[in-house]
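Chemist: Okay, here's the structure, questions in a sec.
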Amino acid sequence: MESLVYNALKEATAMAKGHSDAKWSRRVWELKAAMSAEQFRVVYQPLLNLEKGELIGYEALCRGPAGSYFASPSVLFPLAEKAGLLYPLERQIRRKAVAECGDFLQDQLLFLNISPSVVKDPEFAQGNTRRLIAEYGLRPHNIVFEITERTAIHDFGSFRRTLQHYRKQGFQVAVDDAGAGYSSLQAIAELQPDYIKIDMSLVRDIDASPIKQALMETFVTFGRKIGAKIVAEGIETEKELRFLSQIGVDIGQGYFIGRPTPTGEGASAESIAVLAEKKTRGRPEPLHAVTIGG
Ligand code: C2E
Ligand code: MG
Ligand code: MG
Ligand code: MG
């Protein structure tokens, strides 16, 4: 009896494994096929200077083929990493972004997300991006490499050296998704980023949350002290935009300002109108005192 149960279990485990192996192989095969057919697209989301109401550039975001398992970058990149295809995939996306952005970029910035393992790759560091952008007439200063706070802080010592290396080559760097996890302001300061992109979890409904307001104001003060521009991402409403611009956040990004599109459409008329109107108003009153615990 015991061995019957044991055998049945063993068989079920082997079937499940076989099944997931087959699924895995199929996904990797599909990924390779999509890469060789160059089916990945890049969409561009505008970033707006909240003081002047001017477009400062675009963030390049990758999209897999519609309907595929890896249409979304949050599925795509972990899959590519596990399959050992991250480097060629990123290279393909970067080349595409740099080649396409010339159609709408006018001496503005192109923000490029870079995976941690690619950032530290010697081939990448030794200037293949510099050669790539030179080919398309862009200058390093127009490129901002985005590295997530999580990875930068996790492997802090080596990232600090790596980011310095890129800055010496003339590139700018941004710490992405800041404030989402366990932020270390000291570590961020030592990375000396040109931009700190605050995660959208701190932006959502900020107009109604005294704690988020306090955190965001802290980032604004901090950014001024260390010479980094503060970017708020994921701005979805007029209220959020109004509040963020009034407390001195430098740059905004989000659906209210503009969705990512293949042709790099600029900022929405609504968002520009909000900023124009703000100039005639003062600083917002704090909602109420922040009390934690009591
Ligand atoms: P991220 O760099 O933090 O990019 C912002 C994400 O928020 C994007 O999701 C964007 O479409 C989305 N977003 C922008 N505005 C709003 C908004 O107002 N509301 C909401 N709800 N979402 C908004 P996406 O394109 O799905 O990308 C997810 C993540 O995947 C990115 O987060 C980035 O870390 C990564 N990623 C995307 N493209 C690339 C790439 O080419 N290379 C690498 N290494 N990573 C990439
Ligand atoms: Mg990003
Ligand atoms: Mg981000
Ligand atoms: Mg984010």
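The values are calculated or read from the model by the stated rules, or taken from the named source; none is laboratory data. From a predicted model like this one, the values you see are computed outputs, not experimental measurements. Neighbour counts are summed over all protein chains in view; Cβ atoms, including those assigned to glycine, are modelled from backbone coordinates with ideal geometry.
Chemist: Would you mention how many residues in the range 74-129 are aliphatic (A, V, I, L, M), within 15 Å of ligand 2 (Cβ to nearest atom) and in contact with a Pro (Cβ under 9 Å, 6 or more places away or on another chain)?
Modeler: 0
Condition check ((1) more than 16 Å from ligand 1 (Cβ to nearest atom); (2) more than 14 Å from GLY252 (Cβ to Cβ); (3) charged (D, E, K, R); (4) free of Cβ contacts under 8 Å to residues at least 60 places away in the same chain) across all residues:
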position	(1), (2), (3), (4)
ILE196	no, no, no, yes
ASP199	no, no, yes, yes
LEU202	no, no, no, yes
ILE206	no, no, no, yes
ILE211	yes, yes, no, no
LYS225	yes, yes, yes, yes
ALA228	yes, yes, no, yes
GLU233	no, no, yes, yes
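Chemist: Would you call PHE243 closer than 16 Å to TYR195 by Cα, away from ligand 4 (no atom under 16 Å from the Cβ) and touching a helix residue (DSSP H, G or I) at 6+ places or on another chain (Cβ under 8 Å)?
Modeler: no
Chemist: So, in the range 249-272, how many residues would count as being under 20 Å from ILE206 (Cβ atoms) and free of Cβ contacts under 8 Å to residues at least 40 places away in the same chain?
Modeler: Selection size over the range 249-272: 4.
Chemist: Select the helices (runs of 4 or more DSSP H) contained entirely in the range 161-243, then report the ones holding at least 2 residues which are more than 16 Å from ligand 2 (Cβ to nearest atom) and modelled with pLDDT under 95.
Modeler: Helices (runs of 4 or more DSSP H) meeting the threshold: 185-191.
Chemist: Quick check on this structure: which one of ASP155, ASP194, ASP250, ASP207 is away from ligand 4 (no atom under 16 Å from the Cβ) and touching a Phe, Trp or Tyr at 6+ places or on another chain (Cβ under 6 Å)?
Modeler: That would be ASP207, the only listed residue that is away from ligand 4 (no atom under 16 Å from the Cβ) and touching a Phe, Trp or Tyr at 6+ places or on another chain (Cβ under 6 Å).
Chemist: Could you list all residues from the range 244-275 that are more than 16 Å from ligand 3 (Cβ to nearest atom) and not in a loop (DSSP other than H, G, I, E, B)?
Modeler: Correct list: SER245, GLN246, THR261, ALA269, GLU270, SER271, ILE272, ALA273, VAL274, LEU275.
Chemist: Looking only at residues in the range 126-155 that are among the acidic types (Asp, Glu) and within 16 Å of the chain's Cα centre (by Cα), which one is nearest to LEU185 (Cα to Cα)?
Modeler: GLU149
Chemist: Would it be correct to say that LEU191 is farther than 19 Å from ARG63 by Cβ and over 18 Å from the mean Cα position of the chain (by Cα)?
Modeler: Against the criterion (farther than 19 Å from ARG63 by Cβ and over 18 Å from the mean Cα position of the chain (by Cα)), LEU191 does not qualify.
Chemist: With the structure loaded, tell me whether SER158 is surrounded by fewer than 16 Cβ atoms within 10 Å (Cβ to Cβ), part of a helix (DSSP H, G or I) and away from ligand 2 (no atom under 15 Å from the Cβ) or whether it fails that test.
Modeler: When the stated conditions are applied, SER158 passes them.
Chemist: Could you run through the range 181-222 and say how many residues are within 16 Å of ligand 3 (Cβ to nearest atom) and aromatic (Phe, Trp, Tyr)?
Modeler: Result for the range 181-222: 2.
Chemist: Kindly indicate whether LEU202 is hydrophobic (A, V, I, L, M, F, W, C) and away from ligand 4 (no atom under 16 Å from the Cβ).
Modeler: Considered against the rule, which asks whether it is hydrophobic (A, V, I, L, M, F, W, C) and away from ligand 4 (no atom under 16 Å from the Cβ), LEU202 comes out as no.
Chemist: If I filter the range 202-214 for residues that are closer than 17 Å to GLU59 by Cβ and either surrounded by fewer than 23 Cβ atoms within 10 Å (Cβ to Cβ) or out of contact with any Lys or Arg (no Cβ under 8 Å at 6 or more places or on another chain) (or both), do I get at least one hit?
Modeler: no
Chemist: I need a count of the residues in the range 167-179 that are within 22 Å of ASN128 (Cα to Cα) and surrounded by 22 or more Cβ atoms within 10 Å (Cβ to Cβ).
Modeler: Number satisfying all stated conditions: 3.
Chemist: Among the residues of the range 126-155, what is the count of those that are over 25 Å from GLN106 (Cβ atoms) and buried (at least 16 other Cβ atoms within 10 Å of the Cβ)?
Modeler: Residues that pass the stated criteria total 7.
Chemist: Restricting attention to the range 80-99, does a residue exist that is within 17 Å of the chain's Cα centre (by Cα), in a helix (DSSP H, G or I), closer than 17 Å to HIS165 by Cβ and touching a residue at least 24 places away in the same chain (Cβ under 8 Å)?
Modeler: no
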